[in-house]
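**Q** Next up is a structure, given as structure tokens.
The values are calculated or read from the model by the stated rules, or taken from the named source; none is laboratory data. Remember, it's a predicted structure, so these values are computed and weren't measured experimentally. Every residue, glycine among them, receives a Cβ derived from its backbone with ideal geometry; neighbour counts consider all protein chains shown. With ligands, DNA and RNA removed, areas are computed over all heavy atoms of the protein, side chains included. Shrake-Rupley method; radii C 1.70, N 1.55, O 1.52, S 1.80 Å.
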Number of protein chains: 2
Amino acid sequence: MSGQDMNGQDFGPKRCGLVGGGVIGAGWAARFVLNGRDAVLYDPSPDARARAEAVLGMARAAWAGLLPGALPPEGRLHIAATLEEALEGADFVQESLPEIQTLKCDVLERIDALLPAAVPIASSTSGLLPTRLQARLRHPERFVVGHPFNPVYLLPLVEICGGARTSEDTKARVAAFYRAIGMQVLHVRKEVDGFIADRLLEALWREGLWLIEEGVATTAELDDAIRYGAGLRWSFMGTFLTYRLAGGDAGMRHFLAQFGPALQLPWTRLVAPELTDALIDRIAGQSDEQAGGMTVRALERLRDEALVKVIRALATVGPQGYAAGATLNRFAARRADDAQGGQPGADGIPASWHGVVPPEWIDYNGHMTEHRYLQVFGEATDHILDAIGAGPDHVAAGQSFYTVETHLRHLGQALCGMAIMVRTRVLDADGKRLHLFHELTAAGDDAPLATAEQMLIHVDTARARSAPIPQAVAGAIAALRTAHSALPVPEGAGRAIAMPRRS
Amino acid sequence: MSGQDMNGQDFGPKRCGLVGGGVIGAGWAARFVLNGRDAVLYDPSPDARARAEAVLGMARAAWAGLLPGALPPEGRLHIAATLEEALEGADFVQESLPEIQTLKCDVLERIDALLPAAVPIASSTSGLLPTRLQARLRHPERFVVGHPFNPVYLLPLVEICGGARTSEDTKARVAAFYRAIGMQVLHVRKEVDGFIADRLLEALWREGLWLIEEGVATTAELDDAIRYGAGLRWSFMGTFLTYRLAGGDAGMRHFLAQFGPALQLPWTRLVAPELTDALIDRIAGQSDEQAGGMTVRALERLRDEALVKVIRALATVGPQGYAAGATLNRFAARRADDAQGGQPGADGIPASWHGVVPPEWIDYNGHMTEHRYLQVFGEATDHILDAIGAGPDHVAAGQSFYTVETHLRHLGQALCGMAIMVRTRVLDADGKRLHLFHELTAAGDDAPLATAEQMLIHVDTARARSAPIPQAVAGAIAALRTAHSALPVPEGAGRAIAMPRRS
């Protein structure tokens, strides 16, 4: 495993062995496959294949919305019949067995015996200590905890925790791999039961159980107490930065002075209540009522849609995105060079846009809705503007190109999940105007699904009026125009809209 | 106070007295003012005015992003010199003093003595019991806890908790008022220290303090453990619904069977650690490092931008929005009748679309981005299709109109928060085609900012080929066309895109 190769295109393992295919193991498999790795999964359950395929389907849909077109060609998902088959040729192993220490130790010992010493083994354990899990391994230095969160294919957090005998090299290599597949690594500096995140979640969960036990709140009310309040903040800012703000300009020290005394109050009941049959009935009944008849699958789809939209929203906060949005943007930047599509067509013109049609772009007719065509064409125009030196720096300096007219023609249909690309020609230009012609095709196909002819005018944005195109930009336009001038005038350029009987 | 008037436009109090103007009191004042209520605030601090005005400025900016154009004309913010002045004429009082029971009881007694018996008094206390706070009031029945979360002007959650002597009428009226100003009410059914949300937050916070004390994690690491993982889910789904999903198809009962045993583990600590000077120094130092030199004001702006974007993202989940997004959509629907726009123009054609330009429609040039014009025109076309009997039922029956060409012209700029409308004319039609012309203007203005000429073709969607327009639809088209035919042919119709020297 290379961590990060020098060419920036090829990170880490190619074939991941997965041991355990529950919600977490299947989520890992989906994340690996979507990132172009083969995933070979062993789980004795007869449901393993159906679950892994269902989770991969959800993951695929989620990423089509999260970063359409950015992922490499998928790896293969293979369900292995035996542990040996899952490990054969693997250059990375992720263990996601039930949280039973003896079971994990036994299986890890078998995995260790079967694998070459250089192959890292990561455990998804949410609370067991790595020093104990690695105790009987021949090669304990290659063992590390890599603890993800559900859904593994969408939530970026992964806690890395080494045991007493884990090597620094293992931690660094596994962290580099997780980052390469879009995750945010939190190194746990001190081995502790439950690591960091689950201890915090468990404290909240235990207090919630008491509030149900004492009849203060139902499961739905406890959830509302979070999701309409602190939960909104927690999607991008944790408790400590939030409380710093609550302290006002005097910051955290003031907050501690103000709210520290409340720590003496016997508010919280961190020891969990006993899970009697009556309490289990109460919680399960309230949970059924809260779900309102929605299946787990329907709730999962709702969750994924919300996660995708929240993460995408955070990607637009500030100049670089914030929290999970910044993680996504870094991942997208690393992927940009590798993305599929983008090969020049028969006319030799490179792609000015390429990507995959996400599900929310589809309208009631089952096709990409019309304004998304114009979005794609607008982004293709931005790409051309960037290429001729009229990108963000030009705009920041007070000059820009504004579109004054667009003529769109729909010749075919882009469908959900279709890889599409745009190629753009400079038809004409003068001292203030730029005349472009875009063709949108399925990737690797030359027949246009739609075309857009656009006239742009160069403006001084502060004075809000047209202005001459600067010489350097004009030179770049002229070069493109010359390169494109050998091609025939595209069919459909220069036309007006009219009824056929009038044409 | 009327709770909800019959005309649906006028909810609750007109003049809110505020006692205490810290982060919470100033946040309440901003929410009241933005919702068209006068806020009269008393706080002995010399900073009260500056703080209230600063918070109102942030709130105004946030709501311009959250629901541009939906709020009524602002109320007035007034800083009172005395408690008496703050209460004069108030028909609602919100107390937000420091969390000191004797102080609150003394001031509440004075407020109670000064106010007519019918005026509700709500306390922002985050943990003191209403039965104790109302003990010395002449009219304890009008006292209730209304506990909000920071920033009060953005987070929808408010906990309502009555004491032993609070009337049901007071709880219902205060809840109706809070809902009318965009909040999500959580009724706390049993009086308990800290109510519901803060008990959950406090449990997590106490566990976090232990992890710092024991050197397991820093403030930044604790925050990362939340915001890259569970915090993303918590912005729309609480712990209990999330764990139901983790249980898979077997739901909450299975989850309890699987993870219940972990409750026996001594993961979480019973009580908070003692806040020694050394621990305070460590936390404050880590917090400074985590803030990375950003001021509280800068962090607040970042927080508000993220909250606005997350809540708006949640407003697009599912058909009605989810969690705080659904709350926002309900609030927007209640405000929609009051919003400007939608009147016919000088040509007598009614609006086929009207609304306000939201901030995410603005591009790097500071104007509405081009594909949003086409989105608006496309929705206007859908409105026309609905009007001629070619709406969803027509589509469900296997027939639809597909757009084959669009000619967009940009003549002006739609800006953030601008109320805009579209009027649509039927220019022409034949047995299979429909030729439309849209004009987009600022509401109440006849000068177009953009026009779109569109040719649509009627299709049999199953056979994916053109099909005759059914007679009833054709009749409706003919009627519209006749009504519009008296108007002159719109300037710009029937034109091709070309360089001026060629035209």
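**Q** Note down the relative contact order for chain A as a percent, whole number, built from C-alpha pairs under 8 angstrom at least six residues apart.
**A** Working: 849 pairs, mean separation 57.2, N = 503.
Computed over chain A, the figure is 11 percent.
**Q** Another question, if that's okay. Measuring with a 1.4 Å probe in the full set of protein chains, what accessible area per residue, in whole Å², belongs to the protein assembly as shown? Mind dumping the intermediate values first?
**A** Numbers: 37690 Å² over 1006 residues.
Counting only protein heavy atoms, the per-residue value for the protein assembly as shown is 37 Å².
**Q** Give the long-range amide H neighbours of B:E159: residues separated by 5 or more places, or on another chain, with amide H under 5 Å away, using H modelled in the peptide plane at 1.01 Å from N.
**A** For B:E159, whose amide H was placed from the backbone, the distant partners under 5 Å are B:H147, B:L186.
**Q** Please list, in chain and number order, the residues 5+ apart from A:D428 or on another chain whose amide H is under 5 Å from its amide H, with Hs placed from the backbone.
**A** Correct list: A:H435.
**Q** Would you kindly derive the ³J(HN,Hα) couplings of the range B:281-297 from the backbone phi angles with the Karplus curve 6.51 cos²θ - 1.76 cosθ + 1.60 (θ = phi - 60°), listing them in order in whole Hz, with x for Gly and Pro?
**A** The phi angles translate into 4, 5, 5, 5, x, 5, 5, 4, 4, 4, 5, x, x, 6, 6, 4, 4 Hz.
**Q** Here is a follow-up. Charges on Cβ only, +1 for Lys and Arg, -1 for Asp and Glu, centred on the Cα centroid of the protein assembly as shown; of A:A419, B:S96, A:Q286, which one is farthest towards the dipole's positive end?
**A** Towards the positive end, the residue furthest out is A:A419.
**Q** Debye sum, Cα scatterers, chain B, no solvent: what log₁₀ I/I(0) at q = 0.08, 0.09, 0.10, 0.11 1/Å?
**A** -0.68, -0.82, -0.94, -1.05
**Q** Can you find, among B:I24, B:L440, B:L245, the residue sitting farthest towards the positive end of the charge dipole of the protein assembly as shown, where Lys and Arg contribute +1 and Asp and Glu -1 at Cβ?
**A** The residue sitting most towards the positive pole is B:L440.
**Q** With +1 on each Lys and Arg Cβ and -1 on each Asp and Glu Cβ, how big is the dipole of the protein assembly as shown about its Cα centre, in debye rounded to the nearest 20?
**A** Numbers: 96 positive and 116 negative charges, 245 e Å.
Taking the Cα centre of the protein assembly as shown as origin, the dipole is about 1180 debye.
**Q** Over all residues in B:450-461, what is the mean tally of Cβ atoms on other chains that come within 10 Å of each residue's Cβ? Don't skip to the end; give the middle numbers.
**A** On the way: counts 1, 1, 2, 4, 3, 6, 1, 1, 0, 1, 0, 3.
Taking the mean over all residues of the peptide, I get 2.
**Q** Also, I was wondering about something else. Report, in degrees rounded to the nearest 10, the 0 to 90 angle that the Cα long axis of helix B:197-213 makes with the longest principal axis of chain B.
**A** That helix lies at roughly 70 degrees to the long axis.
**Q** Straight-line reach from A:K432: which lysines fall under 17 Å, measuring Cα to Cα and dropping same-chain residues less than 8 apart?
**A** Within the straight-line limit of under 17 Å, A:K432 reaches no lysines at all.
**Q** Next question. Dipole of the range A:373-435, Cα-centred, from +1 at each Lys and Arg C-beta and -1 at each Asp and Glu C-beta, to the nearest 20 debye?
**A** Numbers: 5 positive and 7 negative charges, 47 e Å.
Here the range A:373-435 has a charge dipole of around 220 debye.
**Q** Restricting the count to DSSP beta bridges whose residues both fall in the protein assembly as shown, what percent are antiparallel, rounded to a multiple of 5?
**A** Numbers: 87 of 133 bridges.
Rounded to the nearest five, the antiparallel share is 65 percent.
**Q** What is the mean number of Cβ atoms from other protein chains located within 10 Å of the Cβ atom of each residue in peptide A:180-189, rounded to a whole number? Don't skip to the answer; put the middle values down first.
**A** Details: counts 0, 0, 0, 1, 4, 2, 8, 2, 4, 5.
Mean inter-chain Cβ contacts per residue within 10 Å come to 3.
**Q** Stokes-Einstein diffusion coefficient for the range A:351-502 at 25 °C in a medium of 0.890 mPa s, Rh from the Kirkwood formula over Cα pairs: what value in µm²/s?
**A** Values: Rh = 16.3 Å.
Calculated translational D: 150 µm²/s.
**Q** With point charges of +1 on the Cβ of Lys and Arg and -1 on the Cβ of Asp and Glu, referenced to the Cα centre of the protein assembly as shown, which listed residue (A:T131, B:L374, A:Y178) lies farthest in the positive direction of the dipole?
**A** Result: B:L374, furthest along the dipole toward the positive end.
**Q** Sticking with this one: Summarise the accessible area of the protein assembly as shown (1.4 Å probe, protein heavy atoms) by the percent that is carbon and sulfur. All intermediate terms of the calculation are to be shown ahead of the outcome.
**A** Details: 20020 of 37690 Å².
C and S atoms contribute 53 percent here.
**Q** Using the alpha-carbon atoms, what tilt in degrees (0 to 90, nearest 10) does helix B:101-114 show relative to the longest principal axis of chain B?
**A** Orientation of helix B:101-114: about 60 degrees from the principal axis.
**Q** For B:207-219, what's the mean count of beta carbons from other chains sitting within 10 Å of each residue's beta carbon?
**A** On the way: counts 13, 8, 5, 3, 6, 1, 0, 2, 3, 8, 11, 2, 7.
Mean partner shielding for this stretch: 5.
**Q** If Lys and Arg each add +1 and Asp and Glu each add -1, what is the summed charge of the other residues whose beta carbon sits under 9 Å from the beta carbon of A:R138? Show your work: numbers first, answer last.
**A** Numbers: positive: A:R136; negative: A:E109, A:D112.
With Lys, Arg at +1 and Asp, Glu at -1, the net is -1.
**Q** Using only the alpha-carbon atoms, how far is helix B:168-180 inclined from the longest principal axis of chain B? Give it as 0 to 90 degrees, nearest 10.
**A** 50
**Q** Turning to a different aspect of this structure: Counting other Cβ atoms within 10 Å, which trypsin sites (Lys or Arg not before Pro) in the range A:52-150 have at most 15 and lie in a DSSP loop? Please report the intermediate quantities before stating the final value.
**A** Numbers: sites: A:R60, A:R76, A:K104, A:R110, A:R132, A:R136, A:R138, A:R142; in loops: A:R76, A:R136, A:R138.
Sites meeting the loop and neighbour criteria: A:R76, A:R136, A:R138.
**Q** Spelling out what I want: for every residue of the range B:393-405, take phi, set θ = phi - 60°, compute 6.51 cos²θ - 1.76 cosθ + 1.60 (Karplus), and round to whole Hz; glycine and proline get x.
**A** Listing the rounded values in order: 5, 4, 5, 4, 7, x, 10, 7, 9, 9, 6, 9, 8 Hz.
**Q** Okay, moving on. Among B:310-321, B:144-155, what's the highest-first ranking by average C-beta atoms within 10 angstrom per residue? All intermediate terms of the calculation are to be shown ahead of the outcome.
**A** Details: B:310-321: 20.5, B:144-155: 24.7.
Final packing ranking: B:144-155, B:310-321.
**Q** For the range B:304-318, take each phi angle, set θ = phi - 60°, evaluate the Karplus expression 6.51 cos²θ - 1.76 cosθ + 1.60, and give the result in whole Hz per residue in order, putting x for glycine and proline.
**A** Coupling constants for the range B:304-318: 5, 4, 5, 4, 4, 5, 5, 5, 5, 4, 5, 5, 9, 7, x Hz.
**Q** For the protein assembly as shown, just run the numbers: alpha carbon Rg, then divide by 2.2 N^0.38 Å, N being how many residues it has. Before the final figure, lay out each step's value.
**A** Working: Rg = 30.7 Å, N = 1006, 2.2 N^0.38 = 30.4 Å.
Taking N as the residue count of the protein assembly as shown, the ratio is 1.01.
**Q** With heavy atoms of protein chains only and a 1.4 Å probe, what residues of the range A:416-433 have at least 40 Å² less accessible area in the full set of chains than alone?
**A** By number: A:D428.
**Q** Shifting gears a bit: About the Cα centre of chain B, how large is the charge dipole given +1 on each Lys and Arg Cβ and -1 on each Asp and Glu Cβ? Please answer in debye to the nearest 20. Don't skip to the end; give the middle numbers.
**A** Working: 48 positive and 58 negative charges, 222 e Å.
The dipole magnitude comes to about 1060 debye.
**Q** Residues with amide H under 5 Å of A:V404's amide H, sequence separation 5 or more or different chain, H placed in the peptide plane at 1.01 Å from N; which?
**A** Under 5 Å from the amide H of A:V404 lie the amide H atoms of A:M455, A:L456, A:I457, each far enough along the sequence or on another chain.
**Q** Another question, if that's okay. Report the A-B buried area as the accessible area lost on both sides summed, probe 1.4 Å, in Å² to the nearest 100. Could the numbers behind the result be given before it?
**A** Numbers: alone 25990 and 26380 Å², together 37690 Å².
For A against B, buried area totals roughly 14700 Å².
**Q** With the cut-off at 1.5 for a/c, could you classify the range A:140-197 from its C-alpha gyration tensor as rounded, prolate or oblate?
**A** oblate
**Q** Something else now. Just from its helices, what would the mean residue ellipticity at 222 nm be for chain A, if runs of 4 or more DSSP H residues each count -39500 (n - 2.57) and the sum is divided by every residue, rounded to the nearest 500 deg cm²/dmol? Don't skip to the end; give the middle numbers.
**A** Working: 17 runs with 196 residues, N = 503.
After summing the helix terms and dividing by the residues of chain A, the value is -12000 deg cm²/dmol.
**Q** Also: What residues of the range B:299-320 lose no less than 50 Å² of accessible area with every protein chain in place versus their chain by itself (probe 1.4 Å, heavy atoms only)?
**A** Buried-area filter returns B:L299, B:L302, B:R303, B:A306, B:K309, B:V310, B:V317.
**Q** Report, ordered by chain and residue number, the lysines lying within cross-link reach of B:K309, taken as a straight Cα distance under 28 Å and ignoring same-chain residues fewer than 8 apart.
**A** A:K309
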